[in-house]
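**Q** Okay, here's the structure, questions in a sec.
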Protein chains: 2
Amino acid sequence: MSPRQQIVPVILAGGTGTRLWPLSRQSLPKQFLALVSDHTLYQDTLLRVAAGPVFHPPVVITGAEFRFFAARQAREIGIDATVLLEPVRRDSGPALLAAAAYVEARYGADTLMLALAADHVVTDPKAFLACVDEAATAAQAGHIVTFGIQPRAPSTAYGYIKCGASLDGAAMRVASFVEKPDAATAERYVSDGYLWNSGNFLFPAGLMLAEGARLEPDTTAAVTAAVAKAQEDLGFLALDADAFAAATSKSIDFAVLEHTQVAAVVAGDFGWSDIGAWDAVHAVNPADEAGNVTHGPVALTDSRGSYVYSDGKLVAGIGLEGLSVIATDDAVLVMPSDRSQDVKALVARLSASRRNEVSEHLKMHRPWGTYQTICRGERFHVKKIVVEPGGTLSLQKHHHRAEHWVVVRGTAEVTLNGSVSTLHENQSTYLPCGSVHRLANPGRIPLELIEVQTGSYLGEDDIVRLEDIYARA
Amino acid sequence: MSPRQQIVPVILAGGTGTRLWPLSRQSLPKQFLALVSDHTLYQDTLLRVAAGPVFHPPVVITGAEFRFFAARQAREIGIDATVLLEPVRRDSGPALLAAAAYVEARYGADTLMLALAADHVVTDPKAFLACVDEAATAAQAGHIVTFGIQPRAPSTAYGYIKCGASLDGAAMRVASFVEKPDAATAERYVSDGYLWNSGNFLFPAGLMLAEGARLEPDTTAAVTAAVAKAQEDLGFLALDADAFAAATSKSIDFAVLEHTQVAAVVAGDFGWSDIGAWDAVHAVNPADEAGNVTHGPVALTDSRGSYVYSDGKLVAGIGLEGLSVIATDDAVLVMPSDRSQDVKALVARLSASRRNEVSEHLKMHRPWGTYQTICRGERFHVKKIVVEPGGTLSLQKHHHRAEHWVVVRGTAEVTLNGSVSTLHENQSTYLPCGSVHRLANPGRIPLELIEVQTGSYLGEDDIVRLEDIYARA
């Protein structure tokens, strides 16, 4: 790669990925799941653009509800990211324009910014970097460059790009962006040389802002103000809520790309997938001779071309053909893999029935660790709680429930009505209803404890937070 | 029905039903599951032959490991059954001959005995009783009468009966019994008027014993001795183990029916099914317009002819066609319904891998109630324990684990190193490693408690039983 100014990678990590239900849910969406490697998709994205001669340290923009995932998962892989928090959801347009405003303010208008979705897969990172280098040339020459993907099949799951005249280097002008086609149109697009629109972009931050100001002046003014008034908060940069809320919810394609005259495209072939649905997850993982991909304890007999994911329980299949089976602790999805696009509508229908399995996981993530419901009855609720080393729950009390804690691993520091004690493995304590208490892990290994709640009302909302180091009080 | 001597119903309840895995397992086989009504198959069988003008109180014969199911489930529906315990498995021949020996000894050799499998379904009990009446006429005339079923399809899952000359009344001689055929042979059998062999029989107890003594003299002598030396034990009648062990393992068809000259058959059409596999469970339950049968929280979209069973977790299906999905707490089975017969081989393969899910349920049944693993870690194990009113666990100790008990419902009587105390809802106690303890429910409602075990070895076999009211010490 030729020497040039460093690029600022910006990771857009605010999506909810409902088409990968039941694994991906609002409480833990797909970018924060390990679907194709030991790292999560978000971590793999960060590692792909690790700081060095080519890249500045990354900027992440995500929803406030995902801030601890974004920070913890970056920390786990030793990456120091600036995390911008969107106070409300406004789709990718405002998010990307806000990030551009941040990059311009911090590094200058000419700085190249690489906007990447946090939940895409790239199996050939070297080819990806080469493609970034080609795009940088066109971006420095004044283009917003999108990465077009050589279609592997006439997919109806992607928008397409019709390429125009060649520019200097490998880039071409964009003749037009076209929406997700039907099957026949997709065939025609592929034979006419159209590319898949990957939704990842490279551009000078100031150019994107200028195009935004021209095409979406109110939104661009709103997000620029939201960045200017942003507040540091526990290591995050929280965009100003009032200002950001004035932005119009719109994708960056609709807001800018489809209307600007400076769009360019470089064609890439770097094993890209947006793994937007289960068939894509199947395709991106290595299959056995029969075309099956399995994860977890799975026993297949006489089966072909199937994807089976289990997060723990035994899944047995006999005679499966082209089927997807996804089994989590509290939900199972079964469908022919070619119905993968229909999961989104299924989730919408299930949401209407207000089932917990739609949006929440049994295991819930908190800044201090996790908790998981393991048993529930009419007047009791049993949870397994894991507190990371140094983690501290809020100082709290409950009006309607008492709690029993049994430490099964590690060391707990328990504050109960002002007095502090230490519990070791196999010790327990009782927290009467109304007592003011706090749990912390002063040790070096995760603290695991079993909590048995009893009472007539056991909702998560019966919690009075008196103090909280994560500012949730 | 014409007035005649009362018939003794004998329920054979010793099977293990592996083709209905993962629901039916060695630790709780299909006859004790509610698969087609609110009652278990065993209960429905008992209710079909309830004591009254036609029937004596029932006799049940089952394996010692199932004795508490047999007793409790009979009690639940207010039926007073005599339960004979087979000390070892010897297939249906010895079981049925032993029951015949018991019936002859108790009621006399001419007494009619109706031998019924505990795990069959009859959807038209009136037609069944009419058929029993027809069979009784032939039985009293000196026949072992089998119930032949008018085939609904050329099934390869059943043995067939070729009918011979008509006898007095509705019965016919059996020309021959034939094994489960291939598809082409099954077609021919059906067009030739063969009947399915249901494996249920009516006969004078003494006649069956005489035929047994002639055809299987050693086995018949063995089981007769086992009945003569049987011991009353906690309300069960335990056949003598040494005597019974000398019987040869053989089905009653192989042992007697296929060789005797006194076999007769009555054709029945009473909605019979042996629900031997999942496709049969599907067929016997009422389906919706699309041919789907579901049980539990199931959401099907665009699906036809499918069977989906969930014991609690949400199961969602999109575009299912002729598929069976069975989801239990710890295992999921997916297959085209026409592969239902292959489950037996799958279970055999899984058994070789020694997975718990094959033979045990998460919820285990004990004479005093149930326990269920709800969470397991390297050095801890959490169970939910339910003790029925009056239930008492053994006086016991553990070498390698300590236990914490938290009562979440009802009242516990806890004996700890000789002193007895009472715990109410929301109270807890600690049982150190090596302590001698006992748990009982002195109350009127089920006692529910959460047990947290900690220690370096947590196997079920770390239990020293010092006393046990169920004679397991």
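**Q** Can you name the condition, by its number, that residue B:245 falls short on among (1) within 14 Å of chain A (Cβ to nearest Cβ); (2) over 30 Å from residue A:355 (Cα atoms)?
**A** The single condition residue B:245 does not satisfy is (1).
**Q** Next question, about the same structure. Quick one: residue A:43 ticks every box in (1) surrounded by fewer than 22 Cβ atoms within 10 Å (Cβ to Cβ); (2) touching a residue at least 40 places away in the same chain (Cβ under 8 Å); (3) not basic (Lys, Arg) bar one, so which box is it?
**A** Unmet condition: (2).
**Q** May I pose another question? Check whether at least one residue in region B:60-73 is modelled with pLDDT of 95 or more, more than 15 Å from the chain's Cα centre (by Cα) and more than 27 Å from residue B:342 (Cβ to Cβ), and report yes or no.
**A** no
**Q** Checking the structure you have, find out if any residue of region A:26-38 is at pLDDT 95 or above and in a loop (DSSP other than H, G, I, E, B).
**A** Looking through region A:26-38, none of the residues is at pLDDT 95 or above and in a loop (DSSP other than H, G, I, E, B).
**Q** Okay, moving on. Report yes if residue A:264 is crowded, with 23+ Cβ neighbours inside 10 Å, more than 10 Å from every other protein chain (Cβ to nearest Cβ) and in contact with a helix residue (DSSP H, G or I) (Cβ under 7 Å, 6 or more places away or on another chain), otherwise no. Show your work before the answer.
**A** Numbers: crowded, with 23+ Cβ neighbours inside 10 Å: yes; more than 10 Å from every other protein chain (Cβ to nearest Cβ): yes; in contact with a helix residue (DSSP H, G or I) (Cβ under 7 Å, 6 or more places away or on another chain): yes.
Considered against the rule, which asks whether it is crowded, with 23+ Cβ neighbours inside 10 Å, more than 10 Å from every other protein chain (Cβ to nearest Cβ) and in contact with a helix residue (DSSP H, G or I) (Cβ under 7 Å, 6 or more places away or on another chain), residue A:264 comes out as yes.
**Q** Looking only at region A:77-99, count every residue that is among the charged types (D, E, K, R) and free of Cβ contacts under 8 Å to residues at least 40 places away in the same chain and tell me the total.
**A** 1
**Q** Just to check your reading of the model, which residue among B:448, B:425 is touching a residue at least 60 places away in the same chain (Cβ under 8 Å), within 14 Å of another protein chain (Cβ to nearest Cβ) and within 17 Å of residue B:412 (Cβ to Cβ)?
**A** Criteria check complete, one pass: B:448.
**Q** For region B:46-67, which residues satisfy the criterion of being crowded, with 18+ Cβ neighbours inside 10 Å and in a helix (DSSP H, G or I)?
**A** B:46, B:48, B:66, B:67
**Q** Oh, and also: Any idea which of (1) buried (at least 22 other Cβ atoms within 10 Å of the Cβ); (2) more than 10 Å from every other protein chain (Cβ to nearest Cβ) is the one residue B:371 doesn't satisfy?
**A** Here residue B:371 clears every test but (1).
**Q** Out of region A:75-134, which residues are of a type outside the set (Asp, Glu), over 23 Å from residue A:239 (Cα atoms) and more than 21 Å from the chain's Cα centre (by Cα)?
**A** If the condition is that a residue be of a type outside the set (Asp, Glu), over 23 Å from residue A:239 (Cα atoms) and more than 21 Å from the chain's Cα centre (by Cα), then A:126, A:127, A:129, A:130, A:131, A:132 are the ones that fit.
**Q** Check region A:313-336 and report whether any residue there is polar (S, T, N, Q) and under 25 Å from residue B:343 (Cβ atoms).
**A** Scanning region A:313-336, I find at least one residue that is polar (S, T, N, Q) and under 25 Å from residue B:343 (Cβ atoms), so the answer is yes.
**Q** For region A:402-473, which strands (runs of 3 or more DSSP E) that fit wholly inside it have 1 or more residues that are within 30 Å of the chain's Cα centre (by Cα), crowded, with 17+ Cβ neighbours inside 10 Å and outside the structural domain of residue A:234 (by TED's automatic domain parsing)?
**A** A:437-440, A:447-455
**Q** Also, quick follow-up: Any chance you could count how many residues in region A:294-335 are of a type in the set (Asp, Glu) and touching an Asp or Glu at 6+ places or on another chain (Cβ under 6 Å)?
**A** Total meeting the criteria: 1.
**Q** Let me ask something else. Is it the case, given these coordinates, that residue A:412 is modelled with pLDDT of 95 or more and either within 11 Å of chain B (Cβ to nearest Cβ) or within 20 Å of residue B:454 (Cβ to Cβ) (or both)?
**A** yes
**Q** Let me ask something additional. Might you let me know whether region A:73-81 holds any residue that is of a type in the set (Asp, Glu), crowded, with 22+ Cβ neighbours inside 10 Å and more than 12 Å from residue A:118 (Cα to Cα)? Working first, answer last.
**A** The initial filter retains those residues of region A:73-81 that are of a type in the set (Asp, Glu), namely A:76, A:80.
Now narrow it down to the ones that are crowded, with 22+ Cβ neighbours inside 10 Å: none.
Within region A:73-81 (the criterion being of a type in the set (Asp, Glu), crowded, with 22+ Cβ neighbours inside 10 Å and more than 12 Å from residue A:118 (Cα to Cα)), the answer is no, since none of the residues qualifies.
**Q** Continuing with this model, one more query. Given the conditions (1) within 9 Å of another protein chain (Cβ to nearest Cβ); (2) over 24 Å from the mean Cα position of the chain (by Cα); (3) within 24 Å of residue B:404 (Cα to Cα); (4) not in a loop (DSSP other than H, G, I, E, B), and given that residue B:383 satisfies all but one, which numbered condition is not satisfied?
**A** (1)
**Q** If you don't mind, there's one more thing I want to ask. Go through region A:189-206 and count every residue that is more than 20 Å from the chain's Cα centre (by Cα), surrounded by fewer than 24 Cβ atoms within 10 Å (Cβ to Cβ) and of a type in the set (Gly, Ala, Ser).
**A** Of the residues in that region, 3 qualify.
**Q** Quick check, is residue B:434 more than 10 Å from chain A (Cβ to nearest Cβ) and on the phi > 0 side of the Ramachandran plot?
**A** yes
**Q** Hey, does region A:220-241 have a residue that's at pLDDT below 95, touching a strand residue (DSSP E or B) at 6+ places or on another chain (Cβ under 7 Å) and at positive phi?
**A** Taking every residue of region A:220-241 in turn, none turns out to be at pLDDT below 95, touching a strand residue (DSSP E or B) at 6+ places or on another chain (Cβ under 7 Å) and at positive phi.
The values are calculated or read from the model by the stated rules, or taken from the named source; none is laboratory data. Here the structure is a predicted model, which is why all the values come from computation and not from measurement. Reconstructed Cβ throughout: ideal geometry from the backbone, glycine too, with neighbour counts over all protein chains shown.
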